[in-house]
Every structure is written in structure tokens, then in C-alpha cells.
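The values are calculated or read from the model by the stated rules, or taken from the named source; none is laboratory data. If you're wondering where the values come from, they're calculated on a predicted model, not measured in any experiment. As a convention, Cβ positions derive from the backbone with ideal geometry for all residues, glycine included, and neighbour counts pool all protein chains shown. Note: accessible area is taken over every heavy atom of the protein model, side chains too, but ligands, DNA and RNA are not part of it. Shrake-Rupley method; radii C 1.70, N 1.55, O 1.52, S 1.80 Å.
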Amino acid sequence: MRDSLTRLQQVCSQATDWGGEPSQWLSALDRSDWLGHLRLLLYGAVQVALSLHRERTSVLVHCSDGWDRTSQVVALAQLLLEPHY
């Protein structure tokens with residue numbers, strides 16, 4: 001995760017160096033693997049929301065790696081369950 005964040009920061013800081021070529025920037029973004037982390041967060045949030053809404057079950061969300069994934073998954077699930085959003 002930390003390496004991916006570092007690579008994402010490098011990609012963003014070099015965004016003007018790509019010469020207006022979006023495909024190069026998107027390739028560099030893909031190599032950072034940041035989108036993979038976002039995919040996993042969204043997947044977890046959808047699973048929590050489905051469990052709460054469709055299955056009407058309680059959930060316990062706990063990520064033990066020291067990052068903020070627990071709060072991120074829960075907050076995204078709350079947004080998914082909020083009819084306004």
C-alpha cells in the first residue's frame with residue numbers, strides 16, 4: 001500500500017511531464033496499482049452494504065494492517081446505503 005501510494009504521488013507530480021499524452025499517464029497510473037486498492041475498497045463496501053441491506057445481517061469490519069481501510073470501507077458502505085447519494 002505504501003509503495004503504491006508513493007508511485008501514485010510520483011505519477012501525479014509528473015502529470016504535466018507526459019506532454020499531453022493521456023495514455024502514458026494512464027499507463028503510469030495503472031503501474032502504481034492504486035486503482036487495484038480502490039477496487040478492493042469498493043468491493044468491500046459493496047459487500048458490507050449488501051449484507052446490511054439485502055441480507056439484513058450485522059457486520060463486523062476490521063482490517064488489521066494499520067491502514068485506514070476499516071473506516072474507508074464502512075464510510076463508503078454508509079454512502080452506498082444512503083438514499084440521498
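Results, tabulated for the structure shown:
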quantity: Test item: Cα-centred dipole of the chain, Lys/Arg +1 and Asp/Glu -1 on Cβ, debye; calculated: 260 debye
quantity: Estimated inter-spin distance, Arg54 and Leu80, nm [label 7 Å along Cα→Cβ]; calculated: 1.0 nm
quantity: Coordinate range along principal axes, alpha carbons of the chain, Å, largest first; calculated: 51, 30, 16
quantity: Two-site FRET efficiency, Ser71 against Gln14, from Cβ-Cβ distance with R₀ of 30 Å, rounded to 0.05; calculated: 0.50
quantity: Extension gain (nm, one decimal) between Met1 and His62, 0.36 nm per residue minus Cα-Cα; calculated: 20.3 nm
quantity: Euclidean distance of C-alpha centroids, segment 1-51 and segment 57-84, integer Å; calculated: 20 Å
quantity: The chain, accessible area per residue, ligands and nucleic acids excluded (1.4 Å, Å²); calculated: 76 Å²
quantity: Whole-Hz couplings from phi, Karplus 6.51/-1.76/1.60, listed for segment 21-35; x for Gly and Pro; calculated: 9, x, 5, 5, 5, 5, 5, 5, 4, 4, 5, 5, 6, 5, 5
